[in-house]
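The values are calculated or read from the model by the stated rules, or taken from the named source; none is laboratory data. Worth saying up front: this structure is predicted, and the values here are computed from it rather than measured. Positions of Cβ are backbone-derived with ideal geometry, glycine not excepted, and every protein chain shown enters the neighbour counts. These accessible areas exclude ligands, DNA and RNA; they are computed on the full protein's heavy atoms, side chains included. Shrake-Rupley method; radii C 1.70, N 1.55, O 1.52, S 1.80 Å.
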Amino acid sequence: MPHTADPVRLLWLMAYVAAVPTALAYGLYFAGAAVVRSATVSVIMLLEPVSAAALAVVLLGEHLTAATVAGTLLMLGSVGGLAVAEARGARTRERQPVLA
């Protein structure tokens, strides 16, 4: 635990951060995942580490290594490929006649 003059306040803040924003974020994330198609959810889940790395650079001043940049580019390429494949699949499904 970090050194502080007010450890009780620190514990309350840590409990708040652990409970409220985290629980709210996961609750909203999985509620959204329940109503969106599984292919879309899988693409969004792949973007989570990329957005975390971008936020770390912008907000915390982190420096990315070559491996992190390569992994980020690979993830973005994969997400782009999945999005294109999903769009093509949706167009193909729209063209097929419905048999009764």
remark   = All conditions in (1) modelled with pLDDT of 90 or more; (2) open to solvent by 60 Å² or more (accessible area, probe 1.4 Å); (3) closer than 22 Å to residue 46 by Cβ are true of residue 63 except (3)
query = For residues in segment 29-52 being among the β-branched types (Val, Ile, Thr) and open to solvent by 70 Å² or more (accessible area, probe 1.4 Å), which is farthest from residue 82 (Cα to Cα)?
reply = 35
inquiry  = Of all residues being part of a loop (DSSP other than H, G, I, E, B) and either in contact with a helix residue (DSSP H, G or I) (Cβ under 9 Å, 6 or more places away or on another chain) or in contact (Cβ under 8 Å) with a residue 60 or more places away in the chain (or both) in segment 1-45, which is farthest from residue 77 (Cα to Cα)? Just the residue, please.
reply    = 4
ask   = Taking residue 61 and the conditions (1) touching a residue at least 24 places away in the same chain (Cβ under 8 Å); (2) at positive phi, which numbered condition does it fall short on, given that it satisfies the others?
value = (1)
ask   = Scanning segment 1-25 for residues that are farther than 27 Å from residue 52 by Cβ and surrounded by 10 or more Cβ atoms within 10 Å (Cβ to Cβ), which turns out modelled with the highest pLDDT?
value = 9
